[in-house]
1. Would you kindly derive the ³J(HN,Hα) couplings of region A:305-320 from the backbone phi angles with the Karplus curve 6.51 cos²θ - 1.76 cosθ + 1.60 (θ = phi - 60°), listing them in order in whole Hz, with x for Gly and Pro?
2. Given a Förster distance of 22 angstrom, what is the FRET efficiency for residue A:337 paired with residue A:169, based on the Cβ-Cβ distance and rounded to 0.05?
3. Of the cross-linked pairs A:10/B:35; A:6/B:37; A:108/A:172, which ones have a Cα-Cα span greater than 26 Å in the structure shown?
4. Using the Cα gyration tensor of region A:242-362, with a ≥ b ≥ c the square roots of its eigenvalues, what is the shape: rounded (a/c below 1.5), prolate (a/b larger than b/c) or oblate (neither)?
5. In square angstrom, rounded to the nearest 10, how much accessible surface does residue A:313 have for a 1.4 Å probe?
6. If you plug each phi of region B:6-20 into the Karplus form 6.51 cos²θ - 1.76 cosθ + 1.60 with θ = phi - 60°, what whole-Hz ³J(HN,Hα) values come out, in order, with x for Gly and Pro?
7. Please compute the net charge surrounding residue B:190, taking Lys and Arg as +1 and Asp and Glu as -1 over other residues with Cβ under 13 Å from its Cβ.
8. With every protein chain left in place and a probe of 1.4 Å, what is the accessible surface of residue A:41, to the nearest 10 Å²?
Amino acid sequence: MRLDLKLHIKKGSFCLKADTQIQWRSPCIHVIFGESGIGKTHLLRSICGLEKGEGKIHWHHKGKTITWLDSQQKKNIPSHARHVTMMFQDAQLFPHLNVEDNLKFAFKRANANADDWQHCIDSLRLEKLLPLNVDALSGGQAQRVALARAILSKPELLILDEPLASLDWHSKQEVMEYLKRLCDQWQLPVLYVTHDVNEVLALAEDVLLLHAMTNVTTVDSPKALIDVLQSVDHPFHRLGKSSILHIGTPQEAENMNGLIALPLKQQIIYVPKPKKQSKAYTRLCIAANDVSLSLSQPNDSSIVNILKGEVCRIDDLDGHYLIQLDIDGQKLLSEISAYSFERMNIKVGMEIFAQIKGVALSQ
Amino acid sequence: MDALLLTLQLAFFSTLILLLLATPLAWFLAHHQFKGKFLVEALIALPLVLPPTVLGFYLLIALGPEGPGGWLANLWGEQTLAFSFTGLLIGSIIYSLPFVVQPLQNGFILIGKKPLEVAYTLNASFWDGFLNVILPLAKPAYISAATLGFAHTLGEFGVVLMIGGNIPNETQVISIAIFEQVESLQYEQAHLLSGILLTISFVMLAIIYASRKQSKGPLL
């Protein structure tokens, strides 16, 4: 499956050029990642056929090539004939229909059978929600229903436009789990848009498509994204201002109530035991403003994770300083105020202690 | 009582035709921007402010033997559309147009394009989406438009007097019948018809406001 894009979208002062190919080696989740307001949504709407664009879109699927858009030849296949389903930021369930009828709206217009229906209801655990009105649903439930509705329309390509943006962390995790499982089971290629690094790390399996301002660039794995996020020169680092640390196999921490130990090369990070015990965790995401610095090893702090490192780079970000540390051979970013920076007299090569307030685990 | 029946018939058919005409018009105005849109909107709103006699006067000329109405009437062997039920219907439609277009337009704007776009991505065509998503969502707007259109046609006087005259069974609507009865001092009859008109109008407006409460939807 491959999507060839050669698009030029212009709307008022806004202008986006995309010239790229997105290839799904096996049906999996691709992520479009970028800051808000740089036209991710425009790009998606053009792929869906909801927005007029100049250029070409070709869709290769099951050995066939379909031209969705070719503005030179005045060809523009309408949205409903493209077999692309889009899931929006807000669930956009039809308010005049209850949950079941919302799902049936998609089901009736798709080439789906009763097994598909049952499978979808079961795997998203929607049985109890079916008779409810859509305004009785919580945010997470509504997105689950929207996901089911999108999948029941049996699309050739599923597009998700920041579907988790309005959800709390717990609902986010839940919907992401479902999404991953369903895409595997239904062999569905997915294009997922987000500006949240954590979502990228949790979901992306193959190619990531990054796009900045008016250009689209691709990197081909979450690892490559991490490198991009860590290279301070790249425009994306401000977006993330997070570090990703690779960890060894998580271990039970002795004498530490409810914590597990995540080994780095020499030092150890402790985190609360996740609800679902999984040995599959391999990465930690740490936001730069969750890392504070100290010149001596603090012994009376409430913070559990204090790592020793060396300052290897300093960047001035208008009133803030972004300090890059080397911790057991990995990079950790810390964001501190100009006042602290001057008071501590931080210099490259200095030995320093990083206190970490919060981490996110991902697989 | 003939006048009452005739009035109800007129209001019913005007409303029906108006809903059909106003739907595409309101949809277009709600979702398209074009040069001179304000002129179209002003034209549609004109009957709100124009004295009915002015509207009636122009209509009388347009519907008469010299106007397009007369040409149209020639097709089935008549001289003029003025002083006929058809002429009255055309007059009512123009007279009540803003009362139907405006609630529908506001309703469509409030619903927005999003639900239809969602329907598109779920493999529904425009008509499929319009009939199964937009129309049900616009129900409160349609109730409001239909009620206002109907009630406004009931209360028509000036336009009818100008283009319809006062022919019993053909063009004598209730408001004109009342006027005539008062002129000839038949107060008892006038009381009866006025009472009926008052009741109908009140009930219709009560329906509007009740449905507005239920649906929280767009109305006036």
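The values are calculated or read from the model by the stated rules, or taken from the named source; none is laboratory data. Note that this is a predicted model, so its numbers are computed, not measured. As a convention, Cβ positions derive from the backbone with ideal geometry for all residues, glycine included, and neighbour counts pool all protein chains shown. Surface accessibility is based on the protein's heavy atoms, side chains included, excluding ligands, DNA and RNA. Shrake-Rupley method; radii C 1.70, N 1.55, O 1.52, S 1.80 Å.
1. Going residue by residue, I get 8, 10, 10, 8, x, 10, 6, 10, 6, 10, 10, 8, 10, 6, x, 10 Hz, with x marking Gly and Pro.
2. Once rounded, the FRET efficiency stands at 0.25.
3. Working: A:10/B:35 20 Å; A:6/B:37 35 Å; A:108/A:172 29 Å.
Those over the limit are A:6/B:37; A:108/A:172.
4. Prolate, because a/c is 1.5 or more and a/b exceeds b/c.
5. Using a 1.4 Å probe on the heavy atoms, I get roughly 80 Å².
6. After applying 6.51 cos²θ - 1.76 cosθ + 1.60, I find 4, 4, 4, 4, 4, 5, 4, 5, 4, 4, 4, 5, 4, 4, 5 Hz.
7. -3
8. Approximately 60 Å² for this residue.
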